[in-house]
1. Please go through segment 60-80 and give me each residue that is touching a helix residue (DSSP H, G or I) at 6+ places or on another chain (Cβ under 7 Å) and free of Cβ contacts under 8 Å to residues at least 40 places away in the same chain, ordered by number.
2. Looking at 95, 89, which is the one that is closer than 19 Å to residue 147 by Cβ and within 13 Å of the chain's Cα centre (by Cα)?
3. Which one of these is out of contact with any Pro (no Cβ under 9 Å at 6 or more places or on another chain) and at pLDDT 90 or above: 51, 25, 73?
4. Going by the conditions given, is residue 26 surrounded by 18 or more Cβ atoms within 10 Å (Cβ to Cβ), under 30 Å from residue 158 (Cα atoms) and of a type in the set (Phe, Trp, Tyr)?
5. So is residue 84 under 28 Å from residue 126 (Cβ atoms), surrounded by fewer than 16 Cβ atoms within 10 Å (Cβ to Cβ) and at pLDDT 90 or above or not?
6. Could you tell me whether any residue of segment 76-86 is of a type in the set (D, E, K, R) and either in contact with a strand residue (DSSP E or B) (Cβ under 9 Å, 6 or more places away or on another chain) or not in a helix (DSSP H, G or I) (or both)?
7. I'd like to know if segment 151-158 contains one or more residues that are in a helix (DSSP H, G or I) and at pLDDT 90 or above.
Amino acid sequence: MNIDFTFAPWGMAFAALMLVVGNGVWMNHLARKNAWMGWLLWVISAAAILVAGAAIEQKLGDGAGIWDALSKVNIENHWIVVTLYALISIPGAASVLFRQPVVWTRLAALATAIIVLIPLGRQLQDPTDSRLMLSLGITAIACALIWLWSKLLDCEPEYARKTVPLEEMSQ
């Protein structure tokens, strides 16, 4: 099998984009206040990721058009992209849905970026280039964007008290 590795940086950048956007749609004040808003933003962003993937494919491929890239491809490829997008969005979604503080949400998203993106160039198994420096650069950019997104848009969760403290019960 002859594999062309010239477009590998595009794939690595697209994976980083999926990680930043997938966690970013959850790491904001709208999703923190209403979980349904987080789900709505995630579904809209999943559709946008599919269109962005088709645009990249159109740019790197034969230039047939985005609609052709979206409609002519095997539906299984769309399912794979959305599934990977869902998996890569888990740290932000879980932290928000389980009402974790901003620090833990940021840590979960940044740790995922480091764990997934640093070895990405090596996993391509290009015999001529491990692409370690490219992986480190993409990881640094993705981590900076996640941190900036979290710093600018995220807020602490509102805790709903489920029990009454003992002092209030005795009164």
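The values are calculated or read from the model by the stated rules, or taken from the named source; none is laboratory data. Quick caveat, the model's predicted, so the values are computed rather than measured. Note: ideal-geometry Cβ built from the backbone for every residue, glycine included; neighbour counts use all protein chains shown.
1. Taking segment 60-80 as the starting set, the residues that turn out to be touching a helix residue (DSSP H, G or I) at 6+ places or on another chain (Cβ under 7 Å) are 60, 64-66, 69-70, 78.
Within segment 60-80, 64, 65, 66, 69, 70, 78 meet the criteria.
2. Numbers: 95 fails: within 13 Å of the chain's Cα centre (by Cα).
One residue alone meets the criteria, 89.
3. On the way: 51 fails: at pLDDT 90 or above; 73 fails: at pLDDT 90 or above.
From the options 51, 25, 73, the qualifying one is 25.
4. Yes: the conditions hold for residue 26.
5. yes
6. Here is the first cut: in segment 76-86, the ones of a type in the set (D, E, K, R) are 76.
Subsequent filtering for residues that are either in contact with a strand residue (DSSP E or B) (Cβ under 9 Å, 6 or more places away or on another chain) or not in a helix (DSSP H, G or I) (or both) retains none.
No - not one qualifying residue is present in segment 76-86.
7. Yes, that holds for at least one residue.
Matching residues to (1) in contact with an Asp or Glu (Cβ under 9 Å, 6 or more places away or on another chain); (2) buried (at least 20 other Cβ atoms within 10 Å of the Cβ); (3) not in a helix (DSSP H, G or I):
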{"residue": "4", "(1), (2), (3)": "no, no, yes"}
{"residue": "11", "(1), (2), (3)": "no, no, no"}
{"residue": "15", "(1), (2), (3)": "no, no, no"}
{"residue": "18", "(1), (2), (3)": "no, yes, no"}
{"residue": "32", "(1), (2), (3)": "yes, yes, no"}
{"residue": "44", "(1), (2), (3)": "no, no, no"}
{"residue": "54", "(1), (2), (3)": "yes, yes, no"}
{"residue": "57", "(1), (2), (3)": "no, yes, no"}
